[in-house]
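The values are calculated or read from the model by the stated rules, or taken from the named source; none is laboratory data. Computed from a prediction, not measured in an experiment: that's the story for all the values here. Cβ coordinates were reconstructed from backbone atoms using ideal geometry, including for glycine residues, and neighbour counts include every protein chain displayed. Ligands, DNA and RNA are stripped out before the accessible areas are found, and what is left, the full protein with its side chains, is counted by its heavy atoms. Shrake-Rupley method; radii C 1.70, N 1.55, O 1.52, S 1.80 Å.
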Amino acid sequence: MPPATGTPYPHAPAAVRNRGPIGEVLTRVLPPEGTLLEIACGTGEHAAFLAATLPGWHWRPTEADPAMAAGAAARLAAEAPGRVAPVRRFDVRDRPWPAVLTEGVTAILAINLIHIAPWSVTEALMAGARDALPPEGTLILYGPFKQDGRHTAPSNAAFDQSLRARNPAWGVRDLEAVTAEAACHGLAWAETVAMPANNRIVVFRKT
């Protein structure tokens, strides 16, 4: 992933486009303060922006990919000093989730994760969220989803094809399947919010 012009850090153009709308939803669905665990923080651009948008929240970013984690750590050290905890290497399939990440967590956020990963990551995310969140804690997913087994736009169908060509275990997930998996772990669907570019935010609450 090439760096943004004028910066030494990895850059995701989509993150710049969607971070504002994501921030608006988070401001509405989350309380004024808490501790948020971000799974797969990628370039760190969402964390840098959203931590400033939600100043009452303590942000804990994680990333499984070592090169991406290093880039995100450098970005956040420069752009969000004091607002965001150091990036930690972490794969949701590692059990149990370490207490240094989960202690006091009241919300978990995963942006563009479950479609660029095997289904086992979705299963592990739901199981880990069940164990980490307190009652009424919040899990928030962002990305493209199928609904009723169908893509919501031709662009999502083409994206799904490209993902599966790269890795047959990847792909745009069916919202009903994700919701059913969440329910198996005591996470109840709360709402789905339509987002730009045919994406969705899906909010779950721990029952």
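Okay, here's what the table says:
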| item | result |
| --- | --- |
| Segments classed as helices (runs of 4 or more DSSP H), wholly inside the range 114-207, with at least 1 members that are hydroxyl-bearing (Ser, Thr, Tyr) and under 20 Å from Asp65 (Cβ atoms) | 119-132, 154-166 |
| Failed condition for Gly171, given (1) open to solvent by less than 30 Å² (accessible area, probe 1.4 Å); (2) at negative phi; (3) not β-branched (Val, Ile, Thr) | (2) |
| Checking Asp160 against (1) farther than 27 Å from Ala12 by Cα; (2) of a type in the set (Asp, Glu); (3) more than 17 Å from the chain's Cα centre (by Cα), the condition it does not meet | (1) |
| Qualifying residue in the range 125-138 (condition: polar (S, T, N, Q) and touching a Pro at 6+ places or on another chain (Cβ under 7 Å)) | no |
| In the range 60-112, the residues that are open to solvent by less than 70 Å² (accessible area, probe 1.4 Å), part of a loop (DSSP other than H, G, I, E, B) and in contact with a helix residue (DSSP H, G or I) (Cβ under 6 Å, 6 or more places away or on another chain) | Ala80, Val87, Val92, Trp97, Val105 |
